[in-house]
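Structure, as structure tokens:
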Amino acid sequence: QVQLVESGGGLVQAGGSLRLSCAASGISSSSNAMGWYRQAPGKQRELVARFTSGGNTNYADSVKGRFTISRDNAKNTVYLQMNMLKPEDTAVYYCNAPFQFINYWGKGTLVTVSS
């Protein structure tokens, strides 16, 4: 059974940093195209950053140069380091893992950036 558990969200001032974690079970973080998405109030869920199946990374234009996705295969965990946070980064952040034709999601962690 695949489970994704996010942590690390919270309240931070603009310009600050947070690191989100996604602990995976039932799949391997090293061999899957895992990633992070976010959904702000009243908006659709959007890609933030992800690993591709080939091991490369994709970032939304809005976070390039500020956010970094990484993974620790020994811990089966994917991280999202978020620097220079802006109020418009406020959203619920979800971990995602496509696996065997099913898209798995965590329950999300709330990030609130105050101005």
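Miscellaneous remarks
- Only one of the numbered conditions (1) farther than 20 Å from LYS107 by Cβ; (2) under 14 Å from the mean Cα position of the chain (by Cα); (3) in contact (Cβ under 8 Å) with a residue 12 or more places away in the chain is not met by SER53, and that is (2).
- The listed residues are LEU85, LEU20, and the only one of them that is under 23 Å from SER115 (Cβ atoms), assigned to a loop (DSSP other than H, G, I, E, B) and open to solvent by less than 60 Å² (accessible area, probe 1.4 Å) turns out to be LEU85.
- Taking first residues from segment 86-100 that are modelled with pLDDT of 95 or more and partners that are in a helix (DSSP H, G or I), the Cβ contacts under 8 Å between residues at least 6 apart in sequence or on separate chains come to GLU88/SER62; ASP89/VAL63.
- Applying the set (1) modelled with pLDDT under 90; (2) over 18 Å from TRP105 (Cα atoms) to ASN32 leaves exactly one unmet item: (2).
- Scanning segment 63-80 for residues that are open to solvent by less than 60 Å² (accessible area, probe 1.4 Å) and either out of contact with any Gly (no Cβ under 8 Å at 6 or more places or on another chain) or not β-branched (Val, Ile, Thr) (or both) gives VAL63, ARG66, PHE67, SER70, ASP72, ASN76, THR77, TYR79, LEU80.
- Residue count, segment 48-68 (criterion: part of a loop (DSSP other than H, G, I, E, B) and either at pLDDT 95 or above or among the small types (Gly, Ala, Ser) (or both)): 7
- Picking from residues in segment 25-47 that are in a strand (DSSP E or B) and either out of contact with any strand residue (DSSP E or B) (no Cβ under 6 Å at 6 or more places or on another chain) or over 17 Å from THR77 (Cα atoms) (or both), the one that is least open to solvent (accessible area, probe 1.4 Å) is ARG38.
- So SER21, is it touching a residue at least 12 places away in the same chain (Cβ under 8 Å), touching a Gly at 6+ places or on another chain (Cβ under 7 Å) and small (Gly, Ala, Ser): yes
The values are calculated or read from the model by the stated rules, or taken from the named source; none is laboratory data. These figures come from a predicted structure and were not determined experimentally. For neighbour counting, all protein chains shown are included, and Cβ atoms are generated from backbone atoms with ideal geometry for every residue, glycine included. For the accessible areas, the whole protein counts, side chains as well, though only heavy atoms, and no ligand, DNA or RNA atoms are used. Shrake-Rupley method; radii C 1.70, N 1.55, O 1.52, S 1.80 Å.
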